[in-house]
Structures are given as C-alpha cells and as structure tokens.
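Below: the structure, in structure tokens.
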Amino acid sequence: MRLRLGGVRRAVVVAPHPDDEVIGAAGLIGALRARGCEVRVIVVSDGAASHPGSRSWPKARLVAARRRESLCAMRRLSITSSKVRFLGLPDGALTVHGKECRRKLRQALVQMEADVIVAPALSDAHPDHQEVAAALAVRRGRARRLSYQVWPPRHRRGARTQTLVAPGGAARKRSLIRVHRTQLGVITDDPSGFVIAPHELALFARPIECFREERP
C-alpha cells in the first residue's frame with residue numbers, strides 16, 4: 001500500500017541516534033518538503049557510544065561531529081538547523097534513562113504540534129530504538145503515528161505497512177547516509193567501534209521506504 005500524505009502540514013521525525021533520521025525516513029522527509037510541509041527532527045541520544053575506545057575522537061569531539069553530520073544531511077533536505085532538536089541523552093543507555101527520555105520527548109512534541117509523528121518501531125532490534133518507540137507508544141494525542149525499522153535492515157511487511165519511493169532513488173539516499181562519515185569508517189583507532197558495513201549501507205539506501213501505521 002502506498003503511503004498517504006494528504007492532509008499532512010507538520011511532521012516530526014524522531015531519531016534515537018544521529019543518522020537514524022536519514023536511514024529511516026530520508027525519502028519521507030524529502031517527499032514532505034516537496035509538498036511544502038513543515039518537518040522537524042528530534043535526535044534523542046548524543047551518539048557518543050559508537051566509538052568509545054577512540055583516543056583521537058573523545059566524547060566531546062564525536063558528539064559535536066555527529067550533530068554536524070545530522071545538520072548537514074538535513075540541510076540537503078531543506079531542513080534548517082532551527083528545525084532540528086538534540087535531546088542529548090546518553091547513547092546506548094536510553095533504557096536506563098527511560099523516564100527522562102519520555103519526559104523530554106513529551107515536552108518536545110507538545111511544543112511542535114505535529115500532524116504526524118515518525119519514529120522507530122517497537123520491533124526494532126536496538127534497545128535504544130525500542131525505548132524511544134515505547135516512550136511514544138504511551139503518548140496520547142491526535143497525531144498520526146508512523147514507524148520505521150532500522151535494525152535489522154530489512155523491509156517490514158504486514159497489513160499496516162505502507163511504502164514510499166524515495167525521491168532521487170537509492171543514489172540520493174546513499175549520499176545522505178554517507179554524510180555520516182563517523183559511522184562509515186573515518187574513525188580508525190577503535191577496533192570495536194561501530195561501522196556501517198557495505199551490505200548494510202546498500203540495504204539502508206534502498207529506494208523504497210516502509211512504514212507501519214501505528215494505532216492509538
């Protein structure tokens with residue numbers, strides 16, 4: 001089923017980490033902006049846990065770089081920095097900070113008055129994604145809710161699944177993901193650090209995005 005965007009004026013995309021917004025919804029963001037919709041982005045965690053063993057990229061440098069990467073990718077999608085909000089919660093520890101996560105998300109969303117909220121699915125395999133999804137699942141409001149899955153990187157199919165062809169196709173989406181250089185191998189002094197593998201990049205850059213309509 002094709003994703004319906006009629007009637008959407010204001011959308012909020014919630015990303016557990018800097019880069020999830022483009023992996024999960026770059027095509028949707030582009031499609032909404034092309035229709036003249038206002039799009040805001042909330043990045044929940046600081047992204048500091050991707051390379052904890054790097055000496056050349058200590059926490060402060062990595063957090064700053066990951067914020068710049070998100071802002072750069074969003075500018076390419078016509079989202080100004082004033083429309084991106086970083087909550088700064090500890091990467092990899094959102095389950096420990098669940099109450100604070102729910103409180104900060106609730107405060108941010110009340111201020112943004114969205115028609116549709118786009119966020120991770122409860123079925124996502126990453127604990128931080130699950131915590132964000134759970135925080136939004138208990139939220140009451142009239143905003144339509146769509147969910148996306150990042151981990152594992154595969155299409156979700158089901159009765160409530162809706163699809164959207166990303167403007168610019170796979171090449172466009174791949175270029176946006178590649179803005180996040182810290183996650184693609186530029187940090188070389190942490191053997192245990194996270195790197196998006198080539199096959200994962202290919203799956204993340206697929207030209208068809210899948211969303212599930214979440215019921216209240």
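The set of residues from the stretch 138-177 being free of Cβ contacts under 8 Å to residues at least 40 places away in the same chain and either closer than 15 Å to ASP20 by Cβ or in contact with a helix residue (DSSP H, G or I) (Cβ under 6 Å, 6 or more places away or on another chain) (or both) comprises TRP151, PRO152.
From the set of residues in the stretch 175-202 that are part of a helix (DSSP H, G or I) and closer than 13 Å to ARG66 by Cβ, which is nearest to the chain's Cα centre (by Cα)? Show your work before the answer.
The initial filter retains those residues of the stretch 175-202 that are part of a helix (DSSP H, G or I), namely 175-177, 181-183, 198-202.
From what's left, closer than 13 Å to ARG66 by Cβ: 181-183.
Numbers: ARG181: 16, THR182: 16, GLN183: 14 Å.
Among those that are part of a helix (DSSP H, G or I) and closer than 13 Å to ARG66 by Cβ, it is GLN183.
Please find, among ALA114, ALA125, ALA133, the residue that is under 19 Å from VAL84 (Cβ atoms) and either under 15 Å from the mean Cα position of the chain (by Cα) or in a loop (DSSP other than H, G, I, E, B) (or both). Steps first, answer last, please.
Details: ALA125 fails: under 19 Å from VAL84 (Cβ atoms); ALA133 fails: under 19 Å from VAL84 (Cβ atoms).
Residue meeting the stated conditions: ALA114.
The criterion of being part of a loop (DSSP other than H, G, I, E, B) and either open to solvent by 20 Å² or more (accessible area, probe 1.4 Å) or out of contact with any strand residue (DSSP E or B) (no Cβ under 7 Å at 6 or more places or on another chain) (or both) holds for GLY36.
Each residue in the stretch 68-83 was checked for being farther than 13 Å from PRO16 by Cα and in contact (Cβ under 8 Å) with a residue 40 or more places away in the chain, and 9 pass. Being over 19 Å from LEU164 (Cα atoms) and crowded, with 17+ Cβ neighbours inside 10 Å is true for just one of ALA49, ALA64. Which residue is that? The conditions single out ALA49.
Contact map, the stretch 54-67: first residue without any contact (Cβ under 8 Å) to a residue 40 or more places away in the chain, second residue open to solvent by less than 40 Å² (accessible area, probe 1.4 Å), Cβ cut-off under 6 Å, separation 6 or more or different chains; pairs are LYS59/ALA48; VAL63/ASP46; VAL63/ALA48. Summed over the stretch 31-61, the residues that are more than 18 Å from GLU21 (Cβ to Cβ) and of a type in the set (A, V, I, L, M) give a count of 1. For VAL186, the requirement of being buried (at least 16 other Cβ atoms within 10 Å of the Cβ) and either farther than 19 Å from VAL14 by Cα or touching a residue at least 40 places away in the same chain (Cβ under 8 Å) (or both) is not met.
For VAL13, the criteria (1) under 28 Å from THR163 (Cβ atoms); (2) in a helix (DSSP H, G or I); (3) among the hydrophobic types (A, V, I, L, M, F, W, C) hold in every case but one, which is (2). Among the residues of the stretch 105-137 satisfying the criterion of being open to solvent by 50 Å² or more (accessible area, probe 1.4 Å) and in contact (Cβ under 8 Å) with a residue 40 or more places away in the chain, which is farthest from PRO90 (Cα to Cα)? The qualifying residue farthest from PRO90 (Cα to Cα) is GLU113.
Taking the conditions (1) modelled with pLDDT of 95 or more; (2) within 26 Å of ARG9 (Cα to Cα) in turn, ALA137 satisfies each one other than (1). Take the stretch 1-17 and flag every residue that is open to solvent by less than 50 Å² (accessible area, probe 1.4 Å), out of contact with any Asp or Glu (no Cβ under 6 Å at 6 or more places or on another chain) and more than 22 Å from ARG154 (Cβ to Cβ). Once the filter is applied, which keeps residues that are open to solvent by less than 50 Å² (accessible area, probe 1.4 Å), out of contact with any Asp or Glu (no Cβ under 6 Å at 6 or more places or on another chain) and more than 22 Å from ARG154 (Cβ to Cβ), the stretch 1-17 yields LEU5, ALA11, VAL12.
The values are calculated or read from the model by the stated rules, or taken from the named source; none is laboratory data. These numbers were taken from a predicted model, which means no experiment stands behind them. Quick reminder, even Gly has a Cβ in these numbers, built from the backbone with ideal geometry, and neighbours come from all protein chains shown. SASA here: full protein model, heavy atoms, side chains in, ligands and nucleic acids out. Shrake-Rupley method; radii C 1.70, N 1.55, O 1.52, S 1.80 Å.
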